[in-house]
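Read-outs throughout are calculated quantities, based only on the coordinates presented, and are distinct from any laboratory measurement. Keep in mind the model is a prediction, meaning the values are calculated, not measured. When we count neighbours, we look across all protein chains shown, and the Cβ atoms used for this are built from the backbone with ideal geometry, even at glycine.
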Amino acid sequence: GNSVTQMEGPVTLSEEAFLTINCTYTATGYPSLFWYVQYPGEGLQLLLKATKADDKGSNKGFEATYRKETTSFHLEKGSVQVSDSAVYFCALSVSGGGADGLTFGKGTHLIIQP
Amino acid sequence: DVKVTQSSRYLVKRTGEKVFLECVQDMDHENMFWYRQDPGLGLRLIYFSYDVKMKEKGDIPEGYSVSREKKERFSLILESASTNQTSMYLCASSLVRQHQPQHFGDGTRLSIL
């Protein structure tokens, strides 16, 4: 079956630190990969996506590269801000169109201290 | 922007009640989904629908049913609510084309007493 593994945290960093949140996956077929972010009291928002090997998704200073050889999609940001504090979810879709639903990791709680 | 609206942010019900959670999307999306979110378990798919009156079971459908009478509306039904159904429920929608992301509502925090 399909699965996504990510560090759960909480991950605590100081403002302007470098961020890496690891995500690895197992999937049948060729998945599309996503990072979603959930701010307190809100639903999930799409942060970035990649649909094929070696694609790089980027948004708001965050980046992630689809690595088929290591089945990974690690999230990075060069300099985090307090406003980046949230829960981050890595997810995959095998159908590509999400028609079968997303498979999520358990989420990584990120805390950025001033 | 896509708007997915869930009818209630917070809901408190009693064991044994029949509970309806409503979700409406305004972007003519074909696919709609219901997930529940629990600490330590992440998000798990309950049911999804790819067209009006069509539905498919997700990973944890037991104790739930769904209804999709109109394209924009997808309802989750707890037939006889139990305390282990206390959770955050998230609705999402997406286009049917390949590689399309899902768009989520703000969630309904449901407590079953």
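Which pairs break 26 Å Cα to Cα here: A:K52/B:K3; B:K18/B:K55; A:K68/B:K53; B:K13/B:K57; B:K18/B:K70?
A:K52/B:K3; A:K68/B:K53
Build a GNM of chain B with springs between Cα atoms under 10 Å: which of B:D26, B:D59, B:D51 gets the top mean-square fluctuation?
Fluctuation is largest for B:D59.
In percent, what relative contact order does chain B have, based on Cα pairs under 8 Å that are 6 or more apart in sequence?
36
Answer rounded, prolate or oblate for the range A:33-114, using the Cα gyration tensor with square roots of eigenvalues a ≥ b ≥ c: rounded when a/c is under 1.5, else prolate when a/b is larger than b/c, else oblate.
oblate
Residue farthest toward the positive end of the dipole of chain B, with Cβ of Lys/Arg at +1 and Asp/Glu at -1: which of B:M54, B:V66, B:I112?
My answer, from the dipole projection, is B:I112.
If you take the square roots of the eigenvalues of the alpha-carbon gyration tensor of chain B and sort them as a ≥ b ≥ c, do you get rounded (a/c under 1.5), prolate (a/b over b/c) or oblate?
Prolate, because a/c is 1.5 or more and a/b exceeds b/c.
Per residue of A:48-54, count partner chain C-beta atoms within 10 Å of its C-beta, then hand back the mean as an integer.
Average per residue, whole number: 1.
Which three lengths, in whole Å and largest first, does the protein assembly as shown cover when its Cα atoms are put on their principal axes?
49, 37, 33
Can you compute the label reach from B:L41? Point 7 Å from Cα along the Cβ direction, backbone N cut-off under 20 Å, restricted to the range A:17-61.
A:38, A:41-44
Please order B:L11, B:L95 by the number of other Cβ within 10 Å, starting at the fewest.
Ranked by crowding around the Cβ, least crowded first: B:L11, B:L95.
Taking the range A:23-114, which GluC sites (Glu not before Pro) meet the DSSP loop condition and have no more than 16 other C-beta atoms within 10 Å?
A:E42, A:E69
If the only charges are +1 at each Lys and Arg Cβ and -1 at each Asp and Glu Cβ, what is the size of the charge dipole of the range A:40-92 around the Cα centre, to the nearest 20 debye?
Here the size comes out at about 120 debye.
GNM, chain A, Cα, under 10 Å: largest mean-square fluctuation among A:A50, A:A64, A:A17?
Of the options given, A:A17 has the highest mean-square fluctuation.
Over all directions, the average projected area of the alpha-carbon convex hull for the range B:1-49 comes to how many nm²?
4.8
May I ask you to list the chymotrypsin sites (Phe, Trp or Tyr not before Pro) in the range A:4-89 that are in a DSSP loop and have at most 13 other Cβ atoms within 10 Å of their Cβ?
Loop-located and lightly packed - A:F18.
Kindly give the semi-axes, whole Å and largest first, of the ellipsoid equivalent to the range B:55-112, taking each as the square root of 5 times a Cα gyration tensor eigenvalue.
Semi-axis lengths for the range B:55-112 are 23, 14, 11 Å.
Using only alpha carbon pairs under 8 Å that are at least six residues apart, calculate the relative contact order of the range A:14-114 and give it in whole percent.
Taking the mean separation of contacting Cα pairs over the length of the range A:14-114, I get 34 percent.
Where a Cα-Cα gap under 17 Å defines reach, which aspartates and glutamates qualify for A:K106, not counting those fewer than 8 residues away within the same chain?
Filter leaves A:E8, A:E42, B:D38, B:D59.
For peptide B:35-42, how many partner chain Cβ atoms fall within 10 Å of a residue's Cβ, on average?
Shielding by partners across B:35-42 averages 4.
In peptide A:80-91, how many Cβ atoms from other protein chains are near each Cβ within 10 Å, on average?
What the average comes to for A:80-91 is 1.
Mind checking the dipole of chain A: about its Cα centre, +1 per Lys or Arg Cβ, -1 per Asp or Glu Cβ, Debye to the nearest 20?
240
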